[in-house]
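J.: There's a structure below that I have some questions on.
The values are calculated or read from the model by the stated rules, or taken from the named source; none is laboratory data. Bear in mind that the values here come from a model prediction, so they are computed numbers and not experimental data. Every residue, glycine among them, receives a Cβ derived from its backbone with ideal geometry; neighbour counts consider all protein chains shown. Ligands, DNA and RNA are excluded from the accessible area calculation, which covers all protein heavy atoms including side chains. Shrake-Rupley method; radii C 1.70, N 1.55, O 1.52, S 1.80 Å.
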Amino acid sequence: MKKYLCSIACLLLLGSVAFAQVLASAIPNDPGIWTIALFGGRQSNVGNNSSLAQTLYGIAGAYGLGNRTELDLIYGYGSFSGVQGMAMQLSCYTLSLKYNLLMEVPLSLALGASTTLLSQKDNFAGSPNGNNYGFKILVSKVISSFIPYACLNRSYTSLGGDSIATEVTLGGIWLAAPKWAWLAENIWQLQDSGYTSGQFSLCVAYTL
């Protein structure tokens, strides 16, 4: 049993984990404006094991740096479940930049890049640290108080091994009040090693 759990832990180290939320449209914040968001998500088929799932939650801040440019800061914490006897947690700290190329003509288009510091703790593989790097294309469209969006992200993860994945995201933003919004999205994470995992996330955001 211990050998089995150790092999599962090693598989997780080699797979990308659910920390790459988009939770945003292609329209950046105005210069000097902050948006604060709380989010939660759940990833299935972690490490190509249908029994394993990850629950993730955290806080994100988006700040308008200048004309059409936004800085995002994200902290996420995840715990894994589905295998008896295994205890595993993941912490991630992300910094990303987004630059808008088109503003509703006829849709919004942005490019982005991100870097993430990862720290994983488990009862077999110890406490490895790693990194993730991502590059994305993001499109969205304002339809009254609803903003659907889609994102294509290419990511590289180094955490006890290397993995590369393509992430396809579909989501929506509902503007509930002048400064409040609800968000929901689904991510399909297509691993180059030949399997797919999925993540669904919910979020509430407030603009200062």
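J.: Springs between alpha-carbon pairs under 10 angstrom, Gaussian network model over the chain: which of 183, 107, 159 fluctuates most?
T.: Sorting by GNM fluctuation, first place goes to 107.
J.: Tally Lys and Arg at +1 and Asp and Glu at -1 over the other residues with C-beta under 9 Å from the C-beta of residue 164: what net charge comes out? Can you show the working numbers first?
T.: Values: positive: 154; negative: 162, 192.
Net of charged neighbours comes to -1.
J.: Only one of the values [x] 15.1; [y] 10.8; [z] 13.4 was calculated from this structure for mean projected area of the Cα convex hull in nm²; name its label.
T.: [y]
J.: Hey, another quick one. For the range 67-204, give the percent of accessible area contributed by carbon and sulfur heavy atoms, probe 1.4 Å, rounded to a whole number.
T.: Values: 4420 of 6670 Å².
That fraction is 66 percent.
J.: By how many degrees, between 0 and 90 and to the nearest 10, does the Cα long axis of helix 2-14 differ from the longest principal axis of the chain?
T.: Around 30 degrees separate the two axes.
J.: Hand me the trypsin sites (Lys or Arg not before Pro) from the range 108-208 located in a DSSP loop with no more than 16 other Cβ atoms within 10 Å, in residue order please.
T.: 141, 179
J.: Within the range 130-164, list the residues whose amide N lies under 14 Å from a label point set 7 Å along Cα→Cβ of residue 91.
T.: Of the residues in the range 130-164, 130 have backbone N under 14 Å from the label point off residue 91.
J.: Okay, moving on. If we restrict to alpha carbons, what Rg and Dmax does the range 120-208 come to, in Å?
T.: Gyration radius and largest Cα-Cα distance of the range 120-208: 16.5, 51 Å.
J.: Then there is this: Pairs of lysine in the chain with Cα under 20 Å and at least 8 positions apart or on different chains: total?
T.: Numbers: 2/121; 3/121; 98/136; 98/141; 141/179.
Final tally of qualifying lysine pairs is 5.
J.: To continue, here is another question. Whole number in Å², please: accessible area per residue of the chain, 1.4 Å probe, ligands, DNA and RNA not counted. Spell out each step's value before the answer.
T.: Details: 9780 Å² over 208 residues.
Averaged over the residues of the chain, the accessible area is 47 Å².
J.: Name the residue farthest towards the positive end of the dipole of the chain from the options 66, 145, 108, assuming +1 on Cβ of Lys and Arg, -1 on Cβ of Asp and Glu, about the Cα centre.
T.: Going by the Cα projections, it comes out as 145.
J.: Could you compute the net charge surrounding residue 188? Neighbours are other residues with a C-beta less than 15 Å from the C-beta of residue 188; K and R count +1, D and E count -1.
T.: Working: positive: 42, 136, 154; negative: 167, 185, 192.
After counting each charged neighbour, the total is 0.
J.: Only Lys, Arg, Asp and Glu count, each charged at its Cβ (+1, +1, -1, -1), so figure out the dipole size of the chain about its Cα centre, rounded to 20 debye. Present the calculation step by step, with values, prior to reporting the outcome.
T.: Values: 10 positive and 9 negative charges, 50 e Å.
It works out to roughly 240 debye.
J.: Count charges around residue 22 for me, please; just the other residues with Cβ under 13 Å from its Cβ, Lys/Arg as +1, Asp/Glu as -1. Kindly include the intermediate steps, with their values, before the conclusion.
T.: Working: positive: 98, 136; negative: 70, 72, 167, 185.
Residues near residue 22 contribute -2 overall.
J.: Suppose the chain between residue 33 and residue 48 were pulled fully straight at 0.36 nm per residue; how much longer would it get relative to their current alpha carbon spacing? Can you show the working numbers first?
T.: Working: separation 15, 0.36 × 15 = 5.40 nm, distance 4.02 nm.
The span from residue 33 to residue 48 would gain 1.4 nm if fully extended.
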